[in-house]
Amino acid sequence: MAEYKTPYLIDSHCHLDLPPFDADRAEVVARAQAAGVTLWVNPGIDLDQCRRALALAEQVEGLYVAVGIHPTSADRFTPETLQALHRLAQQPKVVAIGEIGLDFYWGNVDPALQQQVLLAQLDLAAELGLPVLIHSREANAAVADLLRSWVASSGYRRSLLARRPFAGVLHAFSGDLALAEEAFSWNFLVGLGGAVTFRNAQTLRALVPALRLDRLLLETDAPYLTPHPYRGQRNEPARLALVCEQLALLYGISPAALAAQTSATALRFYGLEDRFGVDSATHHTAVFV
Ligand code: NI
């Protein structure tokens, strides 16, 4: 394959640390690279997985990590957990806090506790100046209420994070245009993945062209949310190309143009443009080298 100066595609959210990849992780990474996906961000879901993701990132060059406690693990969050996240976040490959959020689908953790744990981690992100990866499942209204007051708070306003180009992303976006536009007004992005390819996702596909293209991140959420026609199988980052093709079709642009735009946004979002980016003058031509 061609050498890419800037990553052609960036998987802004995938879970390569999880057990479904234990048997063939190296092959999964090689297939992703062959498909032009050469940079990945792996969010943690609990402390053990955060540590596993960081160990993996030491071996895989383009792999970066977000540290955080997923809402379905929020019942195990203690003051010591927050201190541990603070320490882990100092490691050089950590680029965000996540994935954090609210999940009212599984119903295993009290919503009030989930909100408390989310807020503690949002404040950690503000303190460290790192963007947040937000998980929201059947909880969009509650997530919006909480983020709205967080970005208006003096703690957030005084933080370095408020001066970064972007503060966070609504990962696996499932809201409407009003929520997306409100999120953009908070300097948030939306993340889209395999769901845009699902047969029954007409509403999401109808929404996509109205979403600002410069506020979009591509993601697989592998091993979850496998794109059509592979639903039911394990997902992997190489399949980001299918997400890119579907979105390009919806925006009426080429997959290469969509890849270039979203990769540039992802590099800015994660603060990696110094390491991988191209200057804006060559932005549209320097993708292929
Ligand atoms: Ni995820």
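The values are calculated or read from the model by the stated rules, or taken from the named source; none is laboratory data. Because the structure is a prediction, the values reported are computed rather than measured. Methodologically, a virtual Cβ is constructed for each residue, glycine included, from the backbone with ideal geometry; neighbour enumeration extends over all protein chains shown. Note: areas computed on protein heavy atoms with side chains; ligands, DNA, RNA excluded. Shrake-Rupley method; radii C 1.70, N 1.55, O 1.52, S 1.80 Å.
Taking the conditions (1) under 30 Å from Leu82 (Cα atoms); (2) within 15 Å of the ligand (Cβ to nearest atom) in turn, Asp145 satisfies each one other than (2). Candidates in region 205-224 are the residues that are among the hydrophobic types (A, V, I, L, M, F, W, C) and over 23 Å from Ala256 (Cβ atoms); of these, the one that is farthest from the ligand (Cβ to nearest atom) is Ala206. Within region 58-80, being within 19 Å of Pro131 (Cα to Cα) and part of a helix (DSSP H, G or I) holds for one residue alone: Pro71. Each residue in region 19-51 was checked for being more than 22 Å from Leu272 (Cβ to Cβ) and of a type in the set (Gly, Ala, Ser), and 2 of them qualify. Please enumerate the residues belonging to region 203-261 that are among the charged types (D, E, K, R), over 26 Å from Asn187 (Cβ atoms), in contact with a Ser or Thr (Cβ under 8 Å, 6 or more places away or on another chain) and surrounded by fewer than 22 Cβ atoms within 10 Å (Cβ to Cβ). The answer is Arg234, and nothing else.
Looking for whichever is more than 30 Å from Ala142 (Cβ to Cβ) and either open to solvent by less than 40 Å² (accessible area, probe 1.4 Å) or out of contact with any helix residue (DSSP H, G or I) (no Cβ under 6 Å at 6 or more places or on another chain) (or both) here; the options are Val28, Val67. Which one fits?
Details: Val67 fails: more than 30 Å from Ala142 (Cβ to Cβ).
The unique qualifying residue is Val28.
Tell me the residue from Ala55, Ala84, Ala89, Ala34 that is away from the ligand (no atom under 16 Å from the Cβ) and within 17 Å of Asn235 (Cβ to Cβ), please. First the steps, then the outcome.
On the way: Ala55 fails: within 17 Å of Asn235 (Cβ to Cβ); Ala84 fails: within 17 Å of Asn235 (Cβ to Cβ); Ala89 fails: within 17 Å of Asn235 (Cβ to Cβ).
When all the criteria are applied, what remains is Ala34.
Pull out all pairs, ordered by first then second residue, where Cβ-Cβ is under 6 Å, the residues are six or more apart or on different chains, the first lies in region 153-180 and is among the hydroxyl-bearing types (Ser, Thr, Tyr), and the second is at pLDDT below 95 and away from the ligand (no atom under 16 Å from the Cβ). Every condition considered, the pairs that remain are Tyr156/Ala162.
In the condition set (1) free of Cβ contacts under 8 Å to residues at least 24 places away in the same chain; (2) assigned to a helix (DSSP H, G or I), Gln115 is compliant with all but (1).
In the condition set (1) within 16 Å of the ligand (Cβ to nearest atom); (2) without any contact (Cβ under 8 Å) to a residue 12 or more places away in the chain, Asp46 is compliant with all but (2).
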